[in-house]
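Remarks on the structure that follows.
Quick note: the coordinates plus some simple rules give every number you see, no bench work behind them. This is a predicted model, so every value here is computed, not measured. Cβ atoms come from the backbone with ideal geometry, glycine included; neighbour counts cover every protein chain shown.
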Amino acid sequence: MEVLDPVRLVGRKLKLRDISRALNSPGRSVFIFGERGVGKSSLALTAAQDLYERRRAILRVVCGAEDSFATVVQAIARAIQDYKGKPDAGSRQQSKPASKMREKSQPAAVQSITFSEIPPPSSIDEALYIIRNVLAGRPDDVVIIIDEFERIASDGERQKLAEFIKNTPTLGARIKFIVCGAAVDLTDLVGHHPSVGRIIEPVELERLTHDDLSAIVLGAAAELKLEVPAEILDRIAEISDGLPSYVHLIGDSLFWNVFDDEAIVKRVSLEHFQAGIQDSLRRAEAALSRLYEVATNRDPELVDSEEVLWALADVSANQRHVEDIYENSYLPVMACRPGRSKLDRETMTNRLRTLKDKAHGAIVDCYGSSQEHWGFSNGVMRGYVRLRAQKNGIAIGCCEREA
Ligand SMILES: Nc1ncnc2c1ncn2[C@@H]1O[C@H](COP(=O)(O)OP(=O)(O)OP(=O)(O)O)[C@@H](O)[C@H]1O
Ligand SMILES: [Mg+2]
């Protein structure tokens with residue numbers, strides 16, 4: 001799923017440089033954090049690839065909810081032990097012509113992890129002992145990517161694992177760690193610790209700019225020798241709301257539609273785009289579509305909640321004043337909905353209150369002492385809501401209207 005080739009990684013040059021510098025400093029590990037789908041794993045793999053070129057094996061451990069400090073250390077140890085040396089780089093698969101938005105192949109040097117008989121460490125010292133030993137048996141230096149760190153459900157286990165990473169400088173320069181975790185604030189994941197700045201280099205990953213998002217689509221289109229009209233390019237970037245995961249989802253669906261077209265297509269049409277939107281919704285993360293349904297389908301009397309959600313998603317801000325939502329987004333949305341009667345401001349605010357309710361998935365939240373600012377509880381939802389609006393022919397999220 002992730003981008004491995006630094007040339008294909010758009011807008012992350014400076015981050016790559018920071019990571020490379022940190023990993024080249026003795027005893028430093030990197031912690032990449034940011035919102036879901038912002039590109040953490042891709043950045044980690046690309047940065048690791050840079051080290052791989054300098055003769056390091058890349059091993060990746062993906063965490064799960066049930067994982068603990070001990071099981072992750074076991075997985076790392078097993079990965080090091082099982083590593084069979086570097087495969088031939090020339091053996092990578094080629095992607096299909098219409099898959100330019102997707103990963104090119106399973107990265108050549110990355111191995112999947114299976115759990116092992118390696119003993120579960122009961123302390124950080126034991127964990128260091130195990131890793132030191134398995135490492136001693138391997139000829140190559142390694143870079144370990146610990147991915148989806150946030151999925152470890154237990155706070156205590158996450159903190160213990162972070163503590164282990166803070167102690168890895170004692171393992172020497174043969175092993176480097178890159179950790180990825182979905183969080184807006186690093187302390188949510190690892191807790192407060194004075195050594196975070198010295199031993200762990202925090203790399204915060206922001207959303208990509210509109211131009212970066214467009215560049216991702218243009219890059220793929222160029223490889224497919226397709227022209228994408230500016231209007232469609234802008235819409236993809238606008239809907240994606242800074243997240244490359246949405247650009248890839250929409251771009252991939254769009255290009256498959258072009259690929260499936262019986263005619264020979266040189267220029268993407270609005271029909272391809274609209275069909276691509278439908279497919280994107282079908283392929284979007286099930287959790288997002290479930291939440292959207294829970295929010296909008298629970299109560300048939302509240303059908304107009306959907307339009308309120310579209311209005312909220314119109315601007316890429318986490319907290320919007322209710323007046324702004326109503327005047328600048330809700331009324332323009334309703335102007336594109338002939339035959340639907342619009343709510344007054346008070347009723348629209350009541351709908352937002354309902355959407356905040358747990359029974360409606362608590363999809364939105366309100367902020368401030370006067371409780372007049374509203375936003376999505378999870379920022380990833382905004383892109384999904386924009387997709388739903390686009391499916392209904394409503395173009396929200398347009399740059400001109402953004403605050
Ligand atoms: N800078 C970039 N340029 C081009 N494509 C990117 C970039 N960053 C990420 N992508 C693409 O966006 C998608 C999501 O990226 P990735 O899986 O790395 O995000 P993530 O932050 O790890 O997501 P999650 O939080 O779900 O683990 C992938 O398809 C990846 O190829
Ligand atoms: Mg990831």
When the chain is modelled as a GNM with alpha-carbon springs shorter than 10 Å, which of 265, 190, 247 fluctuates the most? 265
Given R₀ = 60 Å, what would the calculated FRET efficiency be for residue 54 paired with residue 264, taking r from the Cβ atoms and rounding to 0.05? 0.85
Once the Cα gyration tensor of region 296-402 is found, what semi-axes does its equivalent ellipsoid get, as square roots of 5 times the eigenvalues, in whole Å, sorted largest first? 18, 16, 14
Along region 156-166, what does the Karplus equation 6.51 cos²θ - 1.76 cosθ + 1.60 (θ = phi - 60°) give for ³J(HN,Hα), rounded to whole Hz, x for Gly and Pro? x, 5, 4, 5, 5, 5, 4, 4, 4, 4, 5
Does anything in region 350-393 have its amide N under 12 Å from the 7 Å Cα→Cβ label point of residue 317, and if so which residues? 373-375
Inter-label distance, nm, simple model (7 Å from Cα along the C-beta direction), residue 353/residue 290: 2.9
With DSSP loop assignment and no more than 12 other C-beta atoms within 10 Å, the trypsin sites (Lys or Arg not before Pro) in region 292-354 are 340
Could you derive backbone 3J(HN,Hα) for region 345-362 from the dihedral phi with the Karplus parameters 6.51, -1.76 and 1.60 (θ = phi - 60°), listing whole Hz in sequence and x where the residue is Gly or Pro? 4, 5, 5, 4, 5, 4, 4, 4, 4, 5, 5, 7, 5, 4, 4, 10, x, 6
What does the charge add up to near residue 358, with Lys and Arg as +1, Asp and Glu as -1, over the other residues with Cβ less than 13 Å from its Cβ? +1
For residue 209 and residue 25 in the same chain, what is the full-extension length gain: residue separation times 0.36 nm, less their Cα-Cα distance, in nm? 63.2 nm
Table column - 3J(HN,Hα) (Hz), region 14-25, Karplus curve with 6.51, -1.76, 1.60, x for Gly and Pro: 5, 5, 4, 5, 4, 5, 4, 5, 5, 6, 8, 8
Would you mind calculating the gained length between residue 278 and residue 123 on full extension (0.36 nm times residue separation, minus the Cα-Cα distance), in nm to one decimal? 50.8 nm
Take the residue pairs 13/176; 266/391; 13/391 and return only those whose Cα atoms are more than 32 Å apart. 13/391
